[in-house]
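A quick write-up on the structure given underneath.
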Amino acid sequence: MKKFSLILASALTVSALTFPVSADLPEYSDSVDWEKFKGQGVTINVYNWGEYISVDDGSEESFDTNKAFEELTGIKVNYTNFASNEELYAKLKNGGSSYDIIIPSDYMIARMINEDMLEKLDFSNIPNYETLIMDDFKGMDYDPNNEYSVPYMWGMVGIIYNTTLVDEEDDVYSWDILWNEKYANNILMFSNSRDAFMIAEKYLGYSMNTTDEQELKNAAFALTEQKLLVQAYVMDEIFDKMTGGEAALAPYYAGDAITMMADNPDLAWAVPVEGTNLFVDAMCIPKGAKNKEAAEMYINFMCETMVAVKNCEYIGYSTPQKEVPQYLDPELATNPIAYPDSETLANTEAFIALPNTTTKLIDELWTSILTANETAPWTIPVFLLGCLGLSVGINVFRTMKKKRNGM
Amino acid sequence: MKKIANKLYIALVFIFLYAPIFVLIANSFNESKSRTVWTGFTFDWYVKLFNNEVILKSLGNTLIIAAVAATISTILGTAAAIGIYNMKKITRSLVINITYIPIMNSEMVTGVSLMLLFVALHIDLGYLTLIIAHITFCVPYVILNVLPKLRQMNRNLYDAALDLGCNPWQAFRHVIIPEIMPGIVTGFLMSITYSIDDFVISYFTHGSTSQTLPITIYSMTRRKVSPEVNALSAIIFVVVLVVLLIMNFNDLRRTKPKKKKEAAR
Amino acid sequence: MNSKSKYVAVPYLAWMVIFIVVPLALIGVFAFTTTVTCDMEGNMLTDEEIAEYEAYCEEEGIEPEYTERTIFTVQNILDVSKYSSVLINSAWLALIATVICLVIAYPLAYMISRMFYSRQKLALMLVMLPMWMNFLLRTYAWMTLLEKNGLINKFFGLFGIGPFDMINTQGAVVLGMVYNYLPFMILPLYSVMTKIDDRTIEAAQDLGANGLQVIWRVVVPLSMPGVATGITQVFVPSVSTFIISRMLGGGTNMLIGDLIDLQFLGNAYNPNLGAAISLVLMVFIFLCMSITNQLDNEDMEGVLL
């Protein structure tokens, strides 16, 4: 996986050199027959991360991706959000709801492939994959044979901080700062286990893909210690809280940091030197999808250069598309947060799918971190028995009283 | 002195109850998207509300589900109440005890248990499951409102109607129904209210296409509640206020003469 | 009506069995089972065996194959005790919220019940009106009020006081519970107090009882059924709430409702454990209710326990 980031770095430096001729955006390609489903009343269910697509924000050049797709193809998009990979997994595993498109991250795609939860894609319906996706994003570890996924965006995790609330002498380029007691009650933390454990593992100097039980337990211990300093465990709530100046420090995704910094100039971004996670989010079709072909058309649509440019500019994430960088707003295309230098990239690692036993252990540890407050295991039975005793006691007392009064 | 203290106390409690609602309504007129900074007065959010498909669609879903669920619950519950009323004592208390469960139990457990059932039966979560779930927690309210009315009713009325030549259906239609009507109406209104307001049970039983308003609001609270929702809640507030005021006014008009009569006695 | 008309309840009885009894039984089933990984012959595998087998497959370059089997276990129920602190914490916060509700609501309900009739109706309407607004929105509005840069801190800031840390504390969670469920306490209290005849109170006064004695000897005993209902109606939803703690407590004060959500639709998928926690929660709630029912002197037909 390390290979990936190095290649990526070289690819990006090349594209950075050949930049920036911001031309007019291309129209929709005629790679597929967009009107195939027109008038058939087809609806697809798209399940995506929150704040992860361009929507109408009322400004002049705003672009509503789903609406544009509906207008072009006549397929109705029913769009809903999840907040984390684990939540997506639970929703799918639990059953009962059917989706046509999901956008999980790398390690979750690998896990879902393992558990036979994804449908193989028919790439003849997604010609844009072949022509428009950078070769570096093909044959990735999570989907080595390019069967199940089409990359949507990539990015990395770092620390977003409020310059008015963080002392200059404190080193934000280290995960240590998230354990600094000075910022007690001023730190926001990931509410999903994988990202939270990644930070603790890097803080302790382990691999973010460790399966060592002791290392995981140490990481969990570090997170439990950190809990005393954490103001809240959040995912998308972070936008509101960081732009509103509610907290000083929060680890989050690079693209979202760009969005938040645009809303609040006091915010800044740092990538810790201990290393961090590099992720790819890709579009997949889950098993049981009802409109597979329409879903593939949606994936192809998302790969259209024009659409991808609009999405990138709106959400601030980094693109895996060949032609997108030359059309991007130069400010974003040269933004080191979205497109970091090769040195930063070399210091990143990607998640891999962990064995089931490790995933289970992490889930358990995470639940116990969130519920931390050690009490003896016998408290619940004693508690319940106490309630029962009280209830019976009152009953007996009352009956005796009644009898006495009766006499 | 004591009176002033009383009034002050009542005022304080009402301030507590209404403070957040005023924040909501105030923000629906706030030009800025921020919740705490006031930049200027605007009606924009009200205009945008009527162009916001997601909110309008989930509002529509909520109303349809509430109407369907309340209607079915009322019919099912009224029939059930009449049946239960005529049962033997042991069966009756057993059935009533089970009926109490969805009311007494935590909504969370009810929601989870229904979700497990739907998933086990391979029913896709959607409108159907939402309606079933809503009926399940609404029927008990109908039963518990109709049963007391049946108990208050004079048992002989029905027999008298039969003696006077009614067939059982006529007797039911013209004697029993009018007697228990207030209970049925209350049950229906309670069902509608609980169905519109329900979040927890819907959260566990909704599907990808059948989001109700509380579910949509929930997914918004995880990022940022758009001011359009504030506008919607301001509208709901005014509508409910007007409805309650009218009901209150009618109620007073009807009860006044009665009070006078009582006084005269 | 004759005994035949009991058959009109049959559709409901069927409904009741399918959608009340069976789902609860399912919770029991989930709580006492777990899914284990087996080899192709259906023999259970331990974690070590799986690791060994996977290493072997890796070497040989073949896909590991498994089957799954559901077995009976009490492990889930035992595991719940790991999270006893959450149950205790939930019960404790809910208890505090219930007591605060009772303290706030009792005088209020009494005052309302002693008003003129038209005023009573108006006051009741004002109590019920907030319940018509979506509770998530109201709770969200409390966030706006309680935040560090929120309205309350801004208000105090005008006088140079604060800012106070109010959001994401246990206090904020209790406040959210009190706020959301206060009307459920006021209404039942009011409905029993309004039945207390003014003449009863006057009689007590005539017989020489002072104000406090009137309250303690007359009003309190007569309002006991309302107290019982109110306590139940506030305590049960408070103890199992899962949104209030997330919105106002920041996820650091996890309650039992959040824990259940986490196992079903959250970040740690484990429906068996979730069902076990739900089962414990249910038992706990029914035990609590059997206690509050004792407060209620009137023997209601069919009330549990």
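The values are calculated or read from the model by the stated rules, or taken from the named source; none is laboratory data. This structure is a prediction, so every number in the text was calculated from the model and none was measured. Virtual Cβ from ideal backbone geometry, glycine too; neighbours counted across all protein chains shown.
As a summary of the residue check, A:LYS76 satisfies the conditions (1) of a type outside the set (Phe, Trp, Tyr); (2) surrounded by 20 or more Cβ atoms within 10 Å (Cβ to Cβ); (3) modelled with pLDDT under 95 except for the one numbered (2).
Determine whether C:GLY176 is facing another protein chain (nearest Cβ under 9 Å), closer than 24 Å to A:LEU228 by Cβ and within 13 Å of the chain's Cα centre (by Cα).
No; evaluated as a whole, the condition is false for this residue.
Here are B:THR36, B:THR71, B:THR78: which of them is within 12 Å of chain C (Cβ to nearest Cβ) and within 28 Å of C:VAL127 (Cα to Cα)?
On the way: B:THR71 fails: within 12 Å of chain C (Cβ to nearest Cβ); B:THR78 fails: within 28 Å of C:VAL127 (Cα to Cα).
When all the criteria are applied, what remains is B:THR36.
Determine whether C:THR169 is touching a residue at least 24 places away in the same chain (Cβ under 8 Å), β-branched (Val, Ile, Thr) and more than 12 Å from chain B (Cβ to nearest Cβ). Spelling it out, C:THR169 is indeed touching a residue at least 24 places away in the same chain (Cβ under 8 Å), β-branched (Val, Ile, Thr) and more than 12 Å from chain B (Cβ to nearest Cβ).
Among the residues of region A:140-156, is there at least one that is in a helix (DSSP H, G or I), over 17 Å from A:THR276 (Cβ atoms) and of a type in the set (Asp, Glu)? If you could, list the steps in order and put the result at the bottom.
Let us first name the residues in region A:140-156 that are in a helix (DSSP H, G or I), namely none.
Within region A:140-156, not a single residue is in a helix (DSSP H, G or I), over 17 Å from A:THR276 (Cβ atoms) and of a type in the set (Asp, Glu).
Listed by position, the helices (runs of 4 or more DSSP H) contained in region C:132-228 that have at least 3 residues being over 20 Å from B:ILE21 (Cβ atoms) are C:151-158, C:170-193, C:198-206.
Restricting region C:118-138 to residues that are polar (S, T, N, Q) and either out of contact with any Leu (no Cβ under 9 Å at 6 or more places or on another chain) or modelled with pLDDT of 85 or more (or both), the residue that is surrounded by the fewest Cβ atoms within 10 Å (Cβ to Cβ) is C:GLN120. Among the residues in region A:85-104, are any among the polar types (S, T, N, Q), within 11 Å of chain B (Cβ to nearest Cβ), crowded, with 18+ Cβ neighbours inside 10 Å and in contact with a strand residue (DSSP E or B) (Cβ under 9 Å, 6 or more places away or on another chain)? Taking every residue of region A:85-104 in turn, at least one turns out to be among the polar types (S, T, N, Q), within 11 Å of chain B (Cβ to nearest Cβ), crowded, with 18+ Cβ neighbours inside 10 Å and in contact with a strand residue (DSSP E or B) (Cβ under 9 Å, 6 or more places away or on another chain).
So, C:LEU259, is that one closer than 30 Å to A:GLU246 by Cβ, within 10 Å of chain A (Cβ to nearest Cβ) and not basic (Lys, Arg) or not? Yes: the conditions hold for C:LEU259.
Restricting to region A:247-270, name every residue that is surrounded by 24 or more Cβ atoms within 10 Å (Cβ to Cβ) and free of Cβ contacts under 8 Å to residues at least 40 places away in the same chain. Scanning region A:247-270 gives no hits.
Candidates in region B:101-156 are the residues that are crowded, with 19+ Cβ neighbours inside 10 Å and of a type in the set (D, E, K, R); of these, the one that is nearest to C:SER278 (Cα to Cα) is B:GLU107.
Taking the stated definitions as given, is A:THR375 in a helix (DSSP H, G or I) and either touching a helix residue (DSSP H, G or I) at 6+ places or on another chain (Cβ under 9 Å) or modelled with pLDDT of 90 or more (or both)? Judged against the criteria, A:THR375 is not a match. Just give me the residues in region B:137-171 being without any contact (Cβ under 8 Å) to a residue 12 or more places away in the chain and either within 10 Å of B:GLY77 (Cβ to Cβ) or facing another protein chain (nearest Cβ under 10 Å) (or both), in sequence order. Answer for region B:137-171, where residues must be without any contact (Cβ under 8 Å) to a residue 12 or more places away in the chain and either within 10 Å of B:GLY77 (Cβ to Cβ) or facing another protein chain (nearest Cβ under 10 Å) (or both): B:ARG155, B:ASP159, B:LEU162, B:PRO168. Screening A:ALA196 with (1) at pLDDT below 95; (2) in the same structural domain as A:ALA248 (by TED's automatic domain parsing); (3) buried (at least 17 other Cβ atoms within 10 Å of the Cβ) gives one miss only, at (1).
Candidates B:PHE14, B:PHE29: the one that is surrounded by fewer than 19 Cβ atoms within 10 Å (Cβ to Cβ) and touching a Phe, Trp or Tyr at 6+ places or on another chain (Cβ under 6 Å) is B:PHE29.
Only one of the numbered conditions (1) farther than 17 Å from C:LYS148 by Cα; (2) in contact with an Asp or Glu (Cβ under 9 Å, 6 or more places away or on another chain); (3) assigned to a strand (DSSP E or B) is violated by A:TYR206, and that is (3). Just the residues that are closer than 18 Å to B:SER226 by Cβ and within 10 Å of chain C (Cβ to nearest Cβ), please, taken from region B:22-33. B:VAL23, B:LEU24, B:ILE25, B:ALA26, B:ASN27 - these are the residues of region B:22-33 that are closer than 18 Å to B:SER226 by Cβ and within 10 Å of chain C (Cβ to nearest Cβ). Taking the criterion of being in a helix (DSSP H, G or I), surrounded by 21 or more Cβ atoms within 10 Å (Cβ to Cβ) and of a type in the set (Val, Ile, Thr), the only residue of region A:321-360 that qualifies is A:VAL324.
Can we say B:GLY111 is within 30 Å of B:ALA231 (Cβ to Cβ), without any contact (Cβ under 8 Å) to a residue 24 or more places away in the chain and not charged (D, E, K, R)? Full working, then the answer.
Numbers: within 30 Å of B:ALA231 (Cβ to Cβ): yes; without any contact (Cβ under 8 Å) to a residue 24 or more places away in the chain: no; not charged (D, E, K, R): yes.
Considered against the rule, which asks whether it is within 30 Å of B:ALA231 (Cβ to Cβ), without any contact (Cβ under 8 Å) to a residue 24 or more places away in the chain and not charged (D, E, K, R), B:GLY111 comes out as no.
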